[in-house]
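Structure record follows, encoded as structure tokens.
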Amino acid sequence: MLKTILTLALAASVTHAPPPSGQVVRKDWKVRGEAGDLAVREVRLDRGARGRPVLLLHGARVPGVASFDLPVPGGSLAADLARRGFRVFVLDARGYGGSDRPPALDAPPSANPPAVTGDEVVRDIASVVDRLRATTRHDRVDLVGWATGGHWAGWYASEHPDRVEHLVLYNSLYGAVDGHPTLGRGSDLEDPDRPGHFDDARHGAYRIATGPGLLAGWDASIPWDDKDRWRDPRVAAAYVEHALASDPTSADREPPGFRAPTGALEDSFRLAIGERLWDARRITARTLVVRAEHDFWSRAEDVPTLVADLGRAQDVRAVRLAGATHWAHLDRPAHGRDRLLRELTTWLS
């Protein structure tokens, strides 16, 4: 079986046809999942798009629309892919954004263990993929996951290899590597009384994310003092605004803050200490592994470990986004966004 491994040192040289013309349109869906309704946004050109559906999966805190479809220039990866002819769908996992929230998110955080773990999100993805297969008449879909979304996408692709054609894991953790500067052993995620275990009692079912908290990690990862030169301030403002608006209870807090389930944090802690929650050796999809140079979430070691396990994949490409941050798809074009978009367009085509 042919498998191609490429590194960032080899620049892609692909000639593309002119992008399709038309206006970007959006349609919000509700898909019935095992635990309630799941919010899905479709983004495509108004002339229609009949290609294989591309499903975008958000990360641990910020839901789908705020991550991938902000209404400002440079803020919508979904719209940029749609302009290139793809039929794009953006999912909110249960407990996020417009999807139904489990009862644990309506109680105090300490009253319940971490909510919305990876095995539950994988079942949400399964519900949406089944709907897309039925409505678009494509047997397979393409999955693009950012951070924890990549963990969820890979997990789904490992359990349903016959339903995924292209897989993109972008700034995502992969198990089988023990050690992480902020998420693993010795971090505030670890139970001090039970080394190697997530601290359920401290973190509870969900955490509250505020606007300043969303920008702190982003600011810290930008190697310039003037953050606006690296990142359009309109994108940053829209990111915070739409993340807060995703939870109707945000304004009830001071400062405003939205609920983010902590199940993704528990999964990430387990990945950071070397647990393999899913097995890439079962994936057959053509897989693109993307890691930004200044990413704080994934580790450099995740890439070769993951690539080595992708032995059954039809094709594999590993890309390092030089100088880019965890938020490359929301940064200015010269700081990783253009390169990421080119890689996605080429791979998904």
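The values are calculated or read from the model by the stated rules, or taken from the named source; none is laboratory data. Being a predicted model, the structure only gives us computed values, none of them experimental. For neighbour counting, all protein chains shown are included, and Cβ atoms are generated from backbone atoms with ideal geometry for every residue, glycine included. Please note that ligands, DNA and RNA were not included when accessible areas were found on the heavy atoms of the full protein model with its side chains. Shrake-Rupley method; radii C 1.70, N 1.55, O 1.52, S 1.80 Å.
Within the stretch 176-192, is there a residue that is open to solvent by less than 20 Å² (accessible area, probe 1.4 Å) and under 29 Å from Pro53 (Cβ atoms)? No, every residue in the stretch 176-192 fails to be open to solvent by less than 20 Å² (accessible area, probe 1.4 Å) and under 29 Å from Pro53 (Cβ atoms). For the stretch 164-192, what are the residues that are in a loop (DSSP other than H, G, I, E, B) and either aromatic (Phe, Trp, Tyr) or on the phi > 0 side of the Ramachandran plot (or both)? Matches in the stretch 164-192: Asn171, Tyr174, Ala176, Gly179, Gly186. Residues in the stretch 144-158 that are part of a helix (DSSP H, G or I) and over 13 Å from Leu265 (Cα atoms): Gly150, Ala153, Gly154, Trp155, Tyr156, Ala157, Ser158.
So, Ala201, is that one touching a residue at least 12 places away in the same chain (Cβ under 8 Å) and surrounded by fewer than 15 Cβ atoms within 10 Å (Cβ to Cβ) or not? Against the criterion (touching a residue at least 12 places away in the same chain (Cβ under 8 Å) and surrounded by fewer than 15 Cβ atoms within 10 Å (Cβ to Cβ)), Ala201 qualifies. Screening the candidates Asp232, Asp225 for the property of being farther than 23 Å from Glu120 by Cβ and either without any contact (Cβ under 8 Å) to a residue 24 or more places away in the chain or open to solvent by 70 Å² or more (accessible area, probe 1.4 Å) (or both) yields one hit, Asp225. The numbered conditions (1) at pLDDT 95 or above; (2) among the charged types (D, E, K, R); (3) open to solvent by 10 Å² or more (accessible area, probe 1.4 Å) are all true for Asp69 except (3).
Residue by residue, here is whether (1) closer than 24 Å to Ser67 by Cα; (2) in contact with an Asp or Glu (Cβ under 7 Å, 6 or more places away or on another chain); (3) buried (at least 18 other Cβ atoms within 10 Å of the Cβ) holds:
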| site | (1), (2), (3) |
| --- | --- |
| Val289 | yes, no, yes |
| His294 | yes, no, yes |
| Ser298 | yes, no, yes |
| Val303 | yes, no, yes |
| Gln314 | no, no, no |
| Gly323 | yes, yes, no |
| His326 | yes, yes, yes |
| Ala334 | yes, no, no |
| Arg342 | yes, no, no |
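Within the stretch 110-120, none of the residues are open to solvent by 20 Å² or more (accessible area, probe 1.4 Å) and more than 14 Å from Thr262 (Cα to Cα).
Quick test for you: out of Arg87, Arg101, pick the one residue that is more than 27 Å from Pro261 (Cβ to Cβ), out of contact with any Phe, Trp or Tyr (no Cβ under 6 Å at 6 or more places or on another chain) and open to solvent by 10 Å² or more (accessible area, probe 1.4 Å).
Within the list Arg87, Arg101, the selection yields Arg87.
If the condition is being outside any strand (DSSP E or B), of a type in the set (A, V, I, L, M, F, W, C) and open to solvent by less than 30 Å² (accessible area, probe 1.4 Å), then the stretch 250-276 contributes Ala264, Leu265, Phe269, Leu271, Ala272. Return a yes/no flag: does the stretch 204-217 have any residue that is in contact with a strand residue (DSSP E or B) (Cβ under 8 Å, 6 or more places away or on another chain), closer than 27 Å to Val303 by Cα, of a type outside the set (Gly, Ala, Ser) and open to solvent by less than 40 Å² (accessible area, probe 1.4 Å). Checked the stretch 204-217: no residue is in contact with a strand residue (DSSP E or B) (Cβ under 8 Å, 6 or more places away or on another chain), closer than 27 Å to Val303 by Cα, of a type outside the set (Gly, Ala, Ser) and open to solvent by less than 40 Å² (accessible area, probe 1.4 Å).
So, of the residues in the stretch 58-92 that are among the small types (Gly, Ala, Ser) and under 11 Å from the mean Cα position of the chain (by Cα), which turns out to be nearest to Gly154 (Cα to Cα)? Among those residues, the one meeting the criterion is Gly59.
Is it the case that the stretch 122-134 has a residue that's open to solvent by 10 Å² or more (accessible area, probe 1.4 Å), within 13 Å of Ala35 (Cα to Cα) and touching a residue at least 40 places away in the same chain (Cβ under 8 Å)? Within the stretch 122-134 (the criterion being open to solvent by 10 Å² or more (accessible area, probe 1.4 Å), within 13 Å of Ala35 (Cα to Cα) and touching a residue at least 40 places away in the same chain (Cβ under 8 Å)), the answer is yes, since at least one residue qualifies. Of everything listed in (1) in contact (Cβ under 8 Å) with a residue 60 or more places away in the chain; (2) outside any loop (DSSP other than H, G, I, E, B), the single unmet condition for Ala79 is (1). Within the bounds of the stretch 121-135, is there any residue that is of a type in the set (A, V, I, L, M) and more than 18 Å from the chain's Cα centre (by Cα)? Looking through the stretch 121-135, at least one residue is of a type in the set (A, V, I, L, M) and more than 18 Å from the chain's Cα centre (by Cα). Could you check the stretch 36-54 and list, in sequence order, the residues that are open to solvent by less than 100 Å² (accessible area, probe 1.4 Å) and modelled with pLDDT under 95? Asp46, Gly48, Ala49, Gly51, listed by residue number.
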